[in-house]
Structures are given as structure tokens and as C-alpha cells.
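Have a look at the structure below, then the notes.
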Amino acid sequence: MATINMVKTIKKVYPNSIVMVKIGNFYYVYDKDSFIFSYLFDYKIKDSEGYPSCAFPLTSFDKITSILKKTKLNYVVLNKANDFEEIEKQLENSEDTYIQIYKDAEKIMTRSMRIQNIYDILMAEIETDAINDILFKIEQIIKKESESNTICSYIKI
């Protein structure tokens, strides 16, 4: 069974828990859980089987689970090598914690990914003559917004 399908199955049982899957020397989280991990641990979100995912090394497991416990997030850990055998779980906390942290994470991570996408587009155009006009327009928008509210008031334009 594909990993993402197993994660979806487990999420039906534990919908408001982080599901971590041990694969080789790493643990992986998928879909909504990857937003939470990126938000809490600053891990980069990547595409895996058409779904967002994050991974962290085995050596970080104790640190990660300690923070999840302090944050009052429930979690389930599976081992792919042993037919997704359950290794460990923490299910003592309110499911509302997961929902609230996910909402916060989704908002921040969606904005972060949009900013990264804009950056990537701009960097692809860096050697073209059009980049100066594009940057000028962006700077004008930022300057106008910073005059009307607090957005980037520290940017020197």
C-alpha cells in the first residue's frame, strides 16, 4: 500500500493527531501535518505522491516528540518497514489543539509559500531588463501600503 494511502487510513482513526511514518533513516509527515511541522519546526514542505510532506532525521525524534507533547499535540508513529506497525503514540491531549495549530500553520505557511513563489519568479527574471520595472512596481506597492499601515515600514525603498 502506498504510504499516503496508509496515512489517510490512519487519519480516519486519528483525524486530529500528527501521523509520523518511519521510512529508513527519516520520519515523514503528510498533508495537513506537514503544514504543522513546517510551522513549528521550520521544515521545508515538499511534494510527495502529490501531497505536501516534511521529513526529519531519526536523530531529531526525541526533540520533536518532546515539543509535540509540550504543544499538547497528539501523535501516532508508524514503521513502514514493518507493514506500518504502530511504534508509539501520544493521545492524551485535546483534539482542539490540533485544529487551532493547523489553522495558524495553514495561514502562515500558505503566505510563506506564496512569498517563496514570488521570489522564485523574480529570481528567474533577474537577468532580464524587465526586472527593473517589476521591482519598481513592487516597491511602489510596498511604499503605498507602508504609508497606510505597518507593512514593512522598515524597508528602505
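The values are calculated or read from the model by the stated rules, or taken from the named source; none is laboratory data. Keep in mind that what you see is a predicted model, and the values were worked out from it rather than measured. Methodologically, a virtual Cβ is constructed for each residue, glycine included, from the backbone with ideal geometry; neighbour enumeration extends over all protein chains shown.
Quick check: anything in region 37-48 over 19 Å from residue 106 (Cβ atoms), in contact (Cβ under 8 Å) with a residue 24 or more places away in the chain and of a type outside the set (A, V, I, L, M)? No, region 37-48 contains no residue that is over 19 Å from residue 106 (Cβ atoms), in contact (Cβ under 8 Å) with a residue 24 or more places away in the chain and of a type outside the set (A, V, I, L, M).
The number of residues in region 61-96 that are over 22 Å from residue 16 (Cβ atoms), in contact (Cβ under 8 Å) with a residue 24 or more places away in the chain and loosely packed, with under 14 Cβ neighbours inside 10 Å comes to 1. Filtering 60, 38 for residues that are modelled with pLDDT of 95 or more and either among the polar types (S, T, N, Q) or over 16 Å from the mean Cα position of the chain (by Cα) (or both) leaves a single hit, 60.
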